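Step one of this worksheet: look at the structure below.
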Amino acid sequence: MSLNTHKELKLYYSISEVAQIFDVTETLLRFWEKEFPQISPKKTGRNVRQYTKEDIEQIRLVYNLVKVRGLKIAAARDVLKKNKEGMVQTVEVVERLRALKAELQSIRRELGE
């Protein structure tokens, strides 16, 4: 769920790119946008959503709460309201641990275990 390095240079991401990053539907992203005021992509004159890295980080938090932890929308909204900083740090730690686990598994495979 990390952004590709060549895409890190982009200023805006389309809804389809963001949906692909999280392996969710565009419909779900629009729903989350209504439910979580923190997710507010810029819209062009033709109502085309443009997501910034900050928007994507907000989606990452929501994704973690709803899809990974299995919280209901209202509970996820409360967690974000009450403990945003702690939640951001927790998500960052979990993602670093997942990356480390993947790296260790890769090394293990290379060693033939």
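Values in this text are rule-based calculations from the coordinates and carry no lab data. Note that the structure is a prediction, hence the values are computed from the model and not measured. When we count neighbours, we look across all protein chains shown, and the Cβ atoms used for this are built from the backbone with ideal geometry, even at glycine.
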For 14-20, 67-73, ranked highest to lowest by mean beta-carbon neighbours within 10 Å, the order is 14-20, 67-73
1/(1 + (r/R0)^6) with r = Cβ-Cβ of residue 83 and residue 30, R0 = 30 Å, i.e. FRET efficiency to nearest 0.05, evaluates to 0.70
Out of residues 5 or more away from residue 71 or on other chains, whose amide H comes under 5 Å of its own, with H placed 1.01 Å from N in the peptide plane? 66
What spacing in nm lies between the two simple spin-label points modelled at residue 50 and residue 69, each 7 Å away from Cα in the Cβ direction? 3.3
Can you work out the Karplus-derived ³J(HN,Hα) for every residue in segment 23-35? Use 6.51 cos²θ - 1.76 cosθ + 1.60 with θ = phi - 60°, whole Hz, and x for glycine or proline. 6, 10, 8, 5, 4, 5, 4, 5, 4, 4, 4, 6, 7
